[in-house]
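All remarks here apply to the structure that follows.
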Amino acid sequence: MPSSIGGAIAFFAVQAVGRVPVMLNFSAGSRNVTRAAHLAGVRRIYTSRRFLELARLQPLMVALEREFQLVYLEDLRQSITPFEKARAAFAGACPTIFRLRRVASDPAVILFTSGTTGDPKGVVLTHANIVGNAEQIAQHIAPDRDWIIFNPLPLFHAFGLVGLLLPLLRGMKAVLYPSPVQAEPIVKLIRETKADILLGVDSFVSQYARVAAPGDLDSLRFVVCGAERVREETHKLFASPVLEGYGATECSPVVAVNQPDRNRPGTVGPLLPGIEAYIEPVGGIARGGRLRVRGPNVMAGYLTPEGLSSPPGRVVRYR
């Protein structure tokens, strides 16, 4: 699913019926997507026919249809009966009657790493992980409920997903856009929506600044960048602060990020509240080492063909 209202609704709809959503990286190629789906035990894939056409993903669609049932939301929307609409309206008005019983340690979502250190790994994040990381970020940056977050990142990416969950959990507005590479439409929307915070990666946000006309980005209080190093040039392109951070899918994903009033370009900022860390020495490296972290946002474990590989001392239920 693209980063869109439909993608957000589909994510929470799956949660509402007690299933664990698996966010598939549609840009990873049919081989990796198929392997990921099999690893997570997927039988049915929800997507959008229009999105597949606009993104030119028909070859992926053909490959997936051989092994999985594809459900297109456009078709599903047309098949909803008046009774189902009435039931949904009643459930929305009286959510406590229809809610499913869940505990914090239950799996909430399965994401896949980018594969920079080998094949993409399936990461199981619990409700405690994703809600905890959103709360850590809120305590770290203290966002105002009146702020608007502009998020053009894909929902299959941990950074893009937290860009959806954080504003919704904090009662803020979010603007989603299905492709981070379309600089001119994004800049236009930032101006029209008067967005306060922009999420992105260095290579994308630098393009936004280059195509922007005077005044287009004036509403931005700050820009938050992750996933790759922020260049000094990018800091100079923006009148507002560019806050660089560090994260990993396994950490839901944010581990550290600069703060609006304490921004130090060239660093990833301090650790989020509740995260413990130490540097493990690595032979041959005089300055630096392997970063070890612990906190409420650290994943339940990796998916393996044998099941869930959970960290020592962590009890996780996976269905």
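The values are calculated or read from the model by the stated rules, or taken from the named source; none is laboratory data. Computed from a prediction, not measured in an experiment: that's the story for all the values here. Because the Cβ atoms are built from the backbone with ideal geometry, glycine has one as well, and the counts that use them run over all protein chains shown.
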Query raised in the report: How many residues does segment 178-211 hold that are part of a loop (DSSP other than H, G, I, E, B) and either farther than 25 Å from Ala55 by Cβ or touching an Asp or Glu at 6+ places or on another chain (Cβ under 8 Å) (or both)?
Result: 3
Report summary line: Checked Ala142, Ala128, Ala93 against criteria (small (Gly, Ala, Ser), loosely packed, with under 12 Cβ neighbours inside 10 Å and closer than 30 Å to Val255 by Cβ); the one match is Ala142
Report task. Looking only at segment 285-299, decide whether some residue is more than 30 Å from Ile141 (Cβ to Cβ) and modelled with pLDDT under 90. Result -> yes
Report task. Quickly run through segment 211-245 and pick out the residues that are buried (at least 18 other Cβ atoms within 10 Å of the Cβ) and within 18 Å of the chain's Cα centre (by Cα). Result -> Val223, Val224, Cys225, Gly226, Ala227, Leu243, Glu244, Gly245
Report summary line: Flagged pairs (Cβ under 9 angstrom, 6 or more apart or on separate chains; first in segment 299-319, in the same structural domain as Gly122 (by TED's automatic domain parsing) and over 23 Å from Val254 (Cα atoms); second assigned to a strand (DSSP E or B) and at pLDDT 80 or above) are Thr304/Gly122
Report task. Could you pull out the residue among Tyr278, Tyr318, Tyr302 that is more than 21 Å from Leu165 (Cα to Cα), in a strand (DSSP E or B) and at pLDDT below 90? Result -> Tyr278
Report summary line: Checking Asp196, Asp202 in turn, the sole residue that is in the same structural domain as Ala239 (by TED's automatic domain parsing), out of contact with any helix residue (DSSP H, G or I) (no Cβ under 7 Å at 6 or more places or on another chain), under 21 Å from His235 (Cα atoms) and of a type in the set (Asp, Glu) turns out to be Asp196
Report summary line: Arg44: passes all of (1) surrounded by 12 or more Cβ atoms within 10 Å (Cβ to Cβ); (2) in contact (Cβ under 8 Å) with a residue 12 or more places away in the chain; (3) farther than 19 Å from Ala158 by Cα but (1)
**Report entry** Failed item, numbered, when Val71 is tested on (1) closer than 15 Å to Gly6 by Cα; (2) aliphatic (A, V, I, L, M); (3) assigned to a loop (DSSP other than H, G, I, E, B)
**Finding:** (3)
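Going through segment 195-210 one residue at a time, which ones are surrounded by fewer than 16 Cβ atoms within 10 Å (Cβ to Cβ) and either among the basic types (Lys, Arg) or modelled with pLDDT of 95 or more (or both)?
Arg210
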Query - Residue in segment 43-59 that is farther than 18 Å from Phe11 by Cα, touching a Gly at 6+ places or on another chain (Cβ under 9 Å) and not charged (D, E, K, R) present - result: no
Query raised in the report: Only one residue in Ile149, Ile137 is part of a helix (DSSP H, G or I) and under 24 Å from Asp261 (Cα atoms). Which one?
Result: Ile137
Requested in this report: Please work out which one of (1) assigned by TED's automatic domain parsing to the domain that holds Gln15; (2) at pLDDT 90 or above is the condition Asp146 fails and give its number.
Outcome: (1)
Report summary line: Subset of segment 212-241, residues β-branched (Val, Ile, Thr) and either at pLDDT below 95 or outside the structural domain of Asp144 (by TED's automatic domain parsing) (or both), comes to Val230, Thr234
Query raised in the report: Taking segment 13-45, which residues are more than 19 Å from Val62 (Cα to Cα) and either basic (Lys, Arg) or in a helix (DSSP H, G or I) (or both)?
Result: Ala13, Val14, Gln15, Ala16, Arg19, Leu39
Report summary line: Reported set for segment 152-176 where residues are assigned to a loop (DSSP other than H, G, I, E, B) and either free of Cβ contacts under 8 Å to residues at least 12 places away in the same chain or over 13 Å from the mean Cα position of the chain (by Cα) (or both) is Arg170, Gly171, Met172
Query raised in the report: If you go through segment 47-63, how many residues are farther than 23 Å from Val20 by Cα, touching a residue at least 12 places away in the same chain (Cβ under 8 Å) and assigned to a loop (DSSP other than H, G, I, E, B)?
Result: 2
Query raised in the report: How many residues, within segment 249-269, are surrounded by fewer than 23 Cβ atoms within 10 Å (Cβ to Cβ), touching a helix residue (DSSP H, G or I) at 6+ places or on another chain (Cβ under 8 Å) and part of a loop (DSSP other than H, G, I, E, B)?
Result: 3
